[in-house]
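**Q** Here it is: the structure, laid out below.
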Amino acid sequence: MSRRAVAVRVEGVVQGVGFRPYVHGLATRLGLAGIVGNDERGVFIVVEGGGAPVEEFLAALAGDPPPLATIERISTGPAPVTGRRTFVIAPSAAGEGRRALVSPDVATCDACLREVTDPADRRHGYAFTNCTDCGPRFTIVRDVPYDRANTTMAGFLMCADCAGEYHDPADRRFHAQPVCCAACGPRLGFTGPGGTGPPGTGDPLRRAVRLLRAGGVLAVKGLGGYHLAALAAHEPAVAALRARKHREDKPFAVMAGDLDEARRLCEVDPAEERLLTGPARPVVLLRRLPDAPVAPSVAPGNRWLGVLLPYTPLHHLLLRELGRPIVLTSGNVSDEPIAYRDEDALERLGGIADAFLTHDRPIHVRTDDSVVRVFRGRDLPIRRSRGYVPRPLALARAAPRPVLACGAELKHTFCLVKEDRAFVSHHIGDLGNYETLRSFTEGVEHFRRLFDITPGVVAHDLHPEYLSTKWALDQDADLVGVQHHHAHVASCLADNGVAGPVAGVAFDGLGYGLDGTLWGGEFLVAGLAGFERAGHLVPVPMPGGVTAIRQPWRMAAAYLDLAYEGDVPEDLDVVRRNAGQWAAVVALARRGGNAPPTSSMGRLFDAVAAVAGVRDAITYEGQAAVEFEQLADPAVDDAYACGLDLAGTRFTVPGAALVRAVADDLRAGVPRDVVAARFHNAVARVVADGCALIREARGLSTVALSGGVFQNLLLLGRAVTLLEERGFTVLTHHRVPPNDGGVSLGQAAVAAARDHA
Ligand code: ZN
Ligand code: ZN
Ligand code: FE
């Protein structure tokens, strides 16, 4: 039998995911000799042996890699036959791994969970148990290569038992960088009533459980930051958490102990189950059961509930000991970023939490929980962060030069591109303050170092007041300004690996337009490199500027004034409720000045929600639209008529006609849930009609739907159905959010495409 040797190179997320032990096991099983090791490009392998086993080895490598690995490329070539007898794992060399990819954090695997819950196991009850298949990654990595010394585990010296596992190629923990146990690893601590327990004393977990059972609010140090917890069914505890956090209405997420417990709260379909139990463990937005044992303050007036399952041993232990679900929300006051450094957390959360359950493993990168919902069986990300970041997104075409895209302002992310990989950052937050701006700039530096990227091109939004724009303009690189809604559509194209051109529909709150006005109800003919504005909502003044965002009734006043040509019926509830300021706000809208015109679809939703009595003022972004969506009766299929007006090569959408139809129906006594449904259906028809006009004029039959308004599942579902009925191919988001969290990917795709030109 002839012997042969093959050199193999594997690229992708292949370090820190158990790849070398997997290769070692596979080769040994097949009786092959050789070597496997990490280097700066990923994993290199040489296998030597009989022709058939070598073929089998290569097939298994490509077809059945370890679960956490993402293989981007496998290349093979001949190697000299040396007659070696054994298969060995090469030790890491200094400087390796610079271009290899850091893995996202991974939820506790079943094998680790079994150990943690097995009284006979040496890791029984140990809150920091992990292995090559699971555990902290991105949140603890300080530098590359991914080795313990470059993580926040550097300060913990492995005990002899752990070191034995770490060095044993046959062990599940072989080369698991954060490997540890109760004898050598991080420890829990408890600070609160009954005094402070320094790490390692008392039983912090039991004390935390007692506090929660008594209705207390507990701060818990997790993977990417501190959370605030309270019993989900305990109304006074949840209400206290809300009041102290200054979070009035925005729903809280709930952590359930396991899938069965989640099913007692919500409906869970197979796609949602896959998400809930998968390695990323995001918060999944689920349909809440009518009798779900959850306090009213958890998600007031919401048919949906954000649910997540435990993703660290600490969460598993806490939930098992408690035996019931908890609210788990980011540790911050209102819109500040989540606290992740111990001293900062004690200071900022001291007024909210009754006690702290902490530990002594530092968090290097603040990373919020991800939020995902399921649309037609596929992921629709709302926030892409822990568990997903920094896994790169493959681009259809490699960028000529590395790109840094600086993102927008709200729900901020940035994105670095090198060749055909886009690294979209963790969720930074709203870039309105020093703390988040610092997270952004430090994040950029961290990503540049981790992935060895020096951007030659810097992409930014056109809004001159965005902090991300101002920062970009100071950078020493070629600058590319990308219009906000073009970035949204390009984000959807990149998300789907499509180059365009397409009919792009970008509906959102606000974005800076080419003409200096605020856009947000846009139909674009767009490819990656460029776009034309094909249609848009008729601009309407925003009386009071940003005040109109917080007070949707102001948009109602502006729209109704147009809809009824200055003669608004006084019997409308929205007029009565706001009678004191109505005339002044209408005057402001007519006069201009502090009433910038906007074609925003988000503002149209606000106006209609206020007219329908959903709410006149909001406490979180998009609240009126979110509640208006839930008001709608999904059984209603008819829609208000809304003709599009052609003006030259462009069309406009008269939003005021829809507001008029809504107001007339309400005055005629039509139920609000019917009105809300008819409005949603009308907007879906507007989408389809606008795209039909574009198809007639330009022959484009693919549509991309993007922008925060398309987080509205009722609208999204109706629009996609109508478009598909009319023969369109429809692209929606699956890898990055349709909201501004996805804008950085779009900016990067545009900048890379222009760099080709
Ligand atoms: Zn594990
Ligand atoms: Zn140990
Ligand atoms: Fe936007």
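**Q** Rank the residues His315, His680 as a footprinting-exposure proxy: fewest other Cβ atoms within 10 Å of their Cβ go first.
**A** His315, His680
**Q** Express the relative contact order of the stretch 3-89 as a whole percentage, based on alpha carbon pairs under 8 Å and six or more residues apart in sequence.
**A** Taking the mean separation of contacting Cα pairs over the length of the stretch 3-89, I get 49 percent.
**Q** Shifting gears a bit: Antiparallel DSSP bridges in the chain: what percent, to the nearest 5?
**A** Within the chain, antiparallel bridges account for around 75 percent of the total.
**Q** Between the stretch 245-277 and the stretch 491-569, how many Å separate their Cα centres?
**A** Cα centroid to Cα centroid, the span is 33 Å.
**Q** Tell me whether the stretch 372-478 comes out rounded, prolate or oblate; compute the Cα gyration tensor, take square roots of the eigenvalues as a ≥ b ≥ c, and use a/c under 1.5 as the rounded threshold.
**A** It comes out oblate by the Cα gyration axes.
**Q** What shape does the stretch 592-656 take by its C-alpha gyration tensor, where a ≥ b ≥ c are the square roots of the eigenvalues and a/c under 1.5 counts as rounded, a/b above b/c as prolate, and the rest as oblate?
**A** It comes out oblate by the Cα gyration axes.
**Q** While we're here: What is the count of Lys pairs in the chain whose alpha carbons sit under 20 Å apart, if the two are 8 or more places apart or on different chains?
**A** On the way: Lys221/Lys245; Lys245/Lys411; Lys250/Lys411; Lys411/Lys470.
Lysine pairs meeting the criterion: 4.
**Q** May I pose another question? Using a basic spin-label model with each label point 7 Å from the Cα along Cα→Cβ, how many nm lie between Glu55 and Asp478?
**A** About 4.8 nm, to one decimal.
**Q** Calculate how steeply helix 601-611 sits against the longest principal axis of the alpha-carbon atoms of the chain, using the helix alpha-carbon long axis, and give the answer as 0 to 90 degrees to the nearest 10.
**A** 60
**Q** Taking only DSSP H segments of four or more residues, each worth -39500 (n - 2.57), what value at 222 nm results for the chain once the sum is divided by all its residues, to the nearest 500 deg cm²/dmol?
**A** Computed mean residue ellipticity for the chain: -10000 deg cm²/dmol.
**Q** Among 661-669, 501-509, 535-543, how do they line up by average Cβ neighbours within 10 Å per residue, starting with the highest?
**A** Result, highest mean first: 501-509, 535-543, 661-669.
**Q** Of all beta bridges DSSP finds with both residues in the stretch 3-89, what is the antiparallel percent, to the nearest 5? All intermediate terms of the calculation are to be shown ahead of the outcome.
**A** On the way: 23 of 26 bridges.
So the antiparallel bridges in the stretch 3-89 amount to around 90 percent.
**Q** Would you mind telling me the antiparallel percentage of the DSSP bridges in the stretch 188-359, rounded to 5?
**A** Beta bridges within the stretch 188-359, antiparallel portion: roughly 80 percent.
**Q** Here's a follow-up. For the chain, what is the relative contact order in percent, using Cα pairs closer than 8 Å and at least 6 residues apart in sequence?
**A** On the way: 1794 pairs, mean separation 84.7, N = 757.
Over the chain, the number comes to 11 percent.
**Q** Okay, moving on. Any idea how far apart Asp645 and Arg263 come out in nm if each label point goes 7 Å out from Cα toward Cβ?
**A** Taking the simple label geometry, Asp645 and Arg263 are separated by 5.5 nm.
**Q** Further, regarding this structure: For a quick check: sort His316, His486, His175 by the number of other beta carbons within 10 angstrom, fewest at the front. Don't jump to the answer; show the numbers that get you there.
**A** Details: His316 22, His486 28, His175 25.
In increasing order of surrounding Cβ atoms, one gets His316, His175, His486.
**Q** Label-point separation (nm) for Glu725 and Arg667, each offset 7 Å from Cα along Cα-to-Cβ?
**A** 3.0
**Q** Going by how many other Cβ atoms sit within 10 Å of their own, how do Glu522, Glu261 line up, fewest first? Numbers along the way, then the final one.
**A** Values: Glu522 31, Glu261 18.
Sorted ascending by nearby Cβ count, the order is Glu261, Glu522.
**Q** Quick check on the stretch 278-395: take the gyration tensor over C-alpha atoms, sort the square-rooted eigenvalues as a ≥ b ≥ c, and tell me if it's rounded (a/c under 1.5), prolate or oblate.
**A** oblate
**Q** How much length would be gained if the chain were fully extended between Val81 and Asp143, taking 0.36 nm per residue of separation minus their Cα-Cα distance, in nm to one decimal? Don't skip to the answer; put the middle values down first.
**A** Numbers: separation 62, 0.36 × 62 = 22.32 nm, distance 3.70 nm.
Gain on extension, Val81 to Asp143, equals 18.6 nm.
**Q** Just the isolated ones, please: cysteines in the chain lacking another cysteine beta carbon under 4.7 angstrom.
**A** Cys112, Cys131, Cys162, Cys180, Cys181, Cys266, Cys406, Cys415, Cys492, Cys642, Cys691
Computed from the coordinates by the stated procedures, all read-outs in this text should not be read as laboratory data. The model shown is predicted, which means the values in this text are computed figures rather than measured ones. Don't worry about glycine lacking a Cβ; one is built from the backbone with ideal geometry, like all the others, and counts go over all protein chains shown.
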